[in-house]
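Peer 1: Before I ask anything, here is the structure I am working with.
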Amino acid sequence: MSRPFVTLSRTGEFFDRTELRKLTGLDENRWHLAVCKELVDNALDAAETAGVETPEVLVELTPEGIAVSDNGNGLGGDVVAKTVDFEARTSDKVRYKTPTRGAQGNALKTVLGIAYNAAPERPVVIDALGTRHLLTASVNGAGGAVVTHETEDSDRRHGTAVFVPLRGIDADAGTLARLLRRFALFNPHAEFRLTVGDLEQAGGPTSPGFVKPK
C-alpha cells in the first residue's frame, strides 16, 4: 500500500523556531536584535523615501516588547495588508538590483513569527495615518500562516510606530544601544534615540544634510 502525499504550506516556516533561527541568523535569546534591526531598516527607508532631511528613529524598550517609530509619511492600510500576506512578497525595492535594505520583503513576516513565539496572545501593532492595525498571527492545521487583522482609530497622523510583543525574550538595552550605534555610523544623516524607562540615549546626526546615493 503506497503512502499518500501530503502538501503542507511553507508559510508556516516563519513560525517555526528552527526556521526562524535560519532566517534571522540568531537564536531565540537574541531575536530582539532581529526585530529591532528589521524595524529600524523600515523606519529609515520610510523617512528617506519621504525625502526627510533628518530621519528620526525612536526605539523604545519596555518589559512588554519593543516599539520603533519614524518621521516618514506613514504606512497605509493597503500596504500593511500586503506586507503581512504570507502568500506574496511586498517590497518597494524588488525591481532594484543594487545593494539595498528590504529587497526580500520578508521583514514584517519574520517579525510576526518572532512575536508568535514570544507572546502568541498579543498582537503586533502598527500605528499610522489615523489607524491602529492589530495583527495576531497563528498557524492552521495544514501548517499555513493565518493573520487576524483588526483596526481601530488612532491619533497618530505622521510617521509610523510599530510595537512587537517580546515577553519572555531577554531583551537588554546594552545590545540594542550597540546596534543603534552601528546604524548611526553608516547613516550619519539620521538621528537615533533609545528609550528605556526614564532613560534616553541619543545619537546623530553626525553629518546633517548627507544624502545617500540612491
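The values are calculated or read from the model by the stated rules, or taken from the named source; none is laboratory data. Computed from a predicted structure; not experimentally measured. In this analysis, Cβ positions are derived from the backbone assuming ideal geometry, glycine residues included, and neighbour counts consider all displayed protein chains. For accessibility, only protein heavy atoms count, side chains too; no ligands or nucleic acids. Shrake-Rupley method; radii C 1.70, N 1.55, O 1.52, S 1.80 Å.
Peer 1: Using the Cα centre of the chain as origin and beta-carbon charges of +1 (Lys, Arg) and -1 (Asp, Glu), tell me which of A118, A142, A81 is placed farthest towards the positive end of the dipole.
Peer 2: A142
Peer 1: For segment 1-71, what does the accessible surface come to per residue with a 1.4 Å probe? Please give it in Å².
Peer 2: The answer is 56 Å² per residue.
Peer 1: With charges only on Cβ, +1 for K and R and -1 for D and E, what is the dipole size of the chain about its Cα centre, in debye, rounded to 20?
Peer 2: Dipole size: approximately 980 debye.
Peer 1: Please report the carbon-and-sulfur percent of the accessible area for the chain; probe 1.4 Å, protein heavy atoms only, DNA, RNA and ligands left out.
Peer 2: Here it works out to 52 percent.
Peer 1: Under the rule of at least 5 residues apart or a separate chain, name every residue whose amide H is placed under 5 Å from the amide H of G74.
Peer 2: G159, T160
Peer 1: If I stretch the segment between D85 and R157 completely, what's the gain in nm (0.36 nm per residue apart, minus their alpha carbon distance), one decimal?
Peer 2: 23.5 nm
Peer 1: Now for a separate question. Can you tell me the Rg and the Dmax, both Å, for the Cα atoms in the chain?
Peer 2: According to the Cα coordinates of the chain, Rg and Dmax are 17.7, 71 Å.
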